[in-house]
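A.B. asks: Below: one structure in structure tokens.
Where a number appears in this text, it was derived from the coordinates with a stated rule and is not lab data. Remember, predicted model here, so these are calculated numbers, not experimental data. Here the Cβ positions follow ideal geometry from the backbone for every residue, glycine too, while neighbour counts run over all protein chains shown.
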């Protein structure tokens with residue numbers, strides 16, 4: 001039995017419900033889900049948080065154009081997001097909405113505490129504002145007169161507002177990056193943030209008076225709390241912090257799970273999570289998260305996927321056609337963490353055919369088929385030593401028993417593509433082992449029944465190990481492999497993936513193809529109809 005190894009708290013960004021999410025958002029959430037499932041398999045007490053960031057001028061503007069209230073708009077979009085995560089089988093433990101009472105009253109308390117510390121003051125804001133990004137910019141920060149994050153036009157804004165003394169925390173933030181470089185990864189993001197701080201931090205506008213869709217400033221009803229103080233606080237408000245009702249135990253989850261082990265975010269919001277959020281926590285006197293990870297973007301030809309631009313890929317359509325495991329595998333295997341990656345239909349289909357149908361699916365089909373054909377589905381554990389195939393067997397066993405440690409190390413680094421490469425190296429070696437040992441030839445010689453059984457046992461053991469290794473990424477495929485091996489009733493333990501020869505025997509049941517081979521030309525045509533916006537990338 002796996003013993004508890006402590007707590008693990010992982011979060012995604014809370015997504016902005018201006019419109020439906022696309023496969024780029026799915027990429028981030030799938031990574032968090034894989035990490036959470038992996039940590040649970042290792043025996044950690046996992047808390048996995050996701051949710052939605054529902055306030056701000058952009059939401060109010062969209063709702064006005066639709067002729068509905070902001071709450072009606074976000075309710076509609078958030079319902080779709082929850083449905084998407086259900087379809088994706090995302091294993092989150094909590095879904096927080098910033099329009100929930102549990103969040104709003106705690107944000108007001110956070111505002112009060114920072115204000116009482118002397119880190120919030122009232123002033124006048126005058127500068128440039130990007131509504132889509134909900135970001136303020138100075139003249140020097142603009143890029144060709146436009147928002148440096150999204151490249152869209154900005155508007156001149158002038159109004160009274162409350163400010164957070166972000167500038168007072170510049171030295172402490174630089175010390176954080178210097179003394180704890182692992183706080184922000186990859187290194188390129190950390191260097192960018194150090195450069196941003198050294199240019200000079202300005203105090204942060206944290207309230208607005210020009211619209212009212214937001215949480216009221218507790219000391220000034222004419223202002224609403226600006227989106228970033230509101231949104232960033234979700235990571236602790238979801239845990240019951242701060243206590244606001246004087247009820248004992250309200251923040252038990254906070255005491256148990258904070259600080260977060262990983263904030264997983266897109267690179268465009270790294271600045272908010274690695275500069276503003278730590279400064280807020282410093283002001284509150286609370287521990288900082290252990291790590292902020294900034295992942296890259298999924299691109300189509302023409303640039304970053306964007307809901308406002310309309311150049312998006314709908315993950316639901318892909319799941320309906322290929323299954324959730326196939327999409328998860330592609331997203332985790334195709335892209336290198338921290339780097340941007342190009343999404344194309346050809347790349348997707350290539351992975352599905354080569355890796356899933358040809359490699360993994362073929363290994364399971366051949367093994368279960370030969371077991372059924374030659375041994376009526378029954379494989380005993382070999383009790384012999386020094387057989388003719390000992391050397392080739394030894395290599396397979398060595399690779400199989402050593403793969404889990406490599407996979408674990410790569411997952412800890414969020415190098416999911418490298419982890420899957422190791423698993424597929426084992427799968428590839430196993431398919432080669434079949435060709436080397438030629439069980440169909442061995443089966444013709446009655447004197448080699450023991451050797452035939454040994455070959456099939458080795459293959460079944462590899463598949464058992466693979467079923468454990470892929471469980472955090474592709475749990476349906478893991479379950480199907482175990483079903484065909486006759487192991488569906490057995491609980492999975494990660495440590496068993498490092499043991500070759502664990503099972504006393506197998507009673508296999510050949511099933512349908514794990515991943516049917518696809519006709520690429522037909523699928524490209526179908527995908528062009530499903531995602532016409534993505535055609536240029538194919």
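A.B. asks: If I fit a long axis through the Cα atoms of helix 390-412 and take the longest principal axis of the Cα atoms of the chain, what angle between them do I get, 0 to 90°, rounded to 10?
C.D. replies: The angle comes out near 10 degrees.
A.B. asks: Still on this structure, please answer the following. How far, in degrees from 0 to 90, does helix 449-469 lean away from the longest principal axis of the Cα atoms of the chain, to the nearest 10?
C.D. replies: Once rounded, one gets 0 degrees.
A.B. asks: Please report the relative contact order for segment 329-439, taking Cα pairs under 8 Å with a sequence separation of at least 6, and give it as a percent rounded to a whole number.
C.D. replies: It comes to 40 percent, rounded to a whole number.
A.B. asks: Same structure, new question: Would you please state which residues of segment 7-31 a label at residue 68 would reach in this model, taking the label point 7 Å out along Cα→Cβ and a backbone N cut-off of under 19 Å?
C.D. replies: 15-22
A.B. asks: With r defined as the distance between the Cβ atoms of residue 5 and residue 198 and R0 fixed at 56 Å, what FRET efficiency is calculated, to the nearest 0.05?
C.D. replies: 0.90
A.B. asks: Under a plain spin-label model, where a point goes 7 Å from the Cα along Cα-to-Cβ, how far apart in nm are residue 392 and residue 220?
C.D. replies: 7.8
A.B. asks: If I take R0 = 35 Å and measure r between the Cβ atoms of residue 19 and residue 116 in this structure, what FRET efficiency does the formula 1/(1 + (r/R0)^6) give, to the nearest 0.05?
C.D. replies: Efficiency for this residue pair is about 0.35.
A.B. asks: Going by alpha carbons, how many degrees (0 to 90, nearest 10) lie between the helix axis of 23-42 and the longest principal axis of the chain?
C.D. replies: The angle comes out at about 60 degrees.
A.B. asks: At what distance in nm do the modelled label points of residue 346 and residue 417 sit from each other, each positioned 7 Å from its Cα along Cα→Cβ?
C.D. replies: 1.7
A.B. asks: Under a point spin-label approximation (7 Å from Cα along Cα-to-Cβ), what is the residue 124-residue 441 distance to one decimal in nm?
C.D. replies: That separation, rounded to one decimal, is 8.9 nm.
A.B. asks: Report the equivalent ellipsoid semi-axes for the chain in whole Å, largest first, defined as the square roots of five times the eigenvalues of the gyration tensor built from alpha carbon atoms.
C.D. replies: Each semi-axis is the square root of five times an eigenvalue, giving 50, 25, 20 Å.
A.B. asks: Could you list 55, 476 so that the one with the fewest beta carbons within 10 Å of its beta carbon is first and the one with the most is last?
C.D. replies: Listed from fewest to most nearby Cβ atoms, that is 476, 55.
A.B. asks: Report the extension gain between residue 191 and residue 159 in nm, rounded to one decimal, defined as 0.36 nm multiplied by the number of residues separating them, less their alpha carbon distance.
C.D. replies: 8.2 nm
A.B. asks: Sorted from largest down, give the three principal axis spans of the alpha carbons of segment 345-507, whole angstrom values.
C.D. replies: On the principal axes, segment 345-507 reaches 49, 34, 31 Å in Cα extent.
A.B. asks: Give me the number: length gained by fully extending residue 167 to residue 317, i.e. 0.36 nm times residue separation minus the C-alpha to C-alpha distance, one decimal in nm.
C.D. replies: Going from the current span to full extension adds 49.4 nm.
A.B. asks: Percent relative contact order of segment 399-465, based on C-alpha pairs within less than 8 angstrom and at least six residues apart?
C.D. replies: 28
A.B. asks: Note down the relative contact order for the chain as a percent, whole number, built from C-alpha pairs under 8 angstrom at least six residues apart.
C.D. replies: 16
A.B. asks: Which of 366, 208, 190 has the fewest other C-beta atoms within 10 Å, and how do the rest follow up to the most?
C.D. replies: 366, 190, 208
A.B. asks: Using 0.36 nm per residue of separation minus the Cα-Cα distance, give me the extension gain between residue 45 and residue 91 in nm, one decimal.
C.D. replies: 15.2 nm
A.B. asks: Hey, with R₀ at 25 Å, roughly what FRET efficiency would residue 102 and residue 210 work out to, going by the Cβ-Cβ distance, to 0.05?
C.D. replies: Taking R0 as 25 Å, the efficiency between residue 102 and residue 210 is 0.35.
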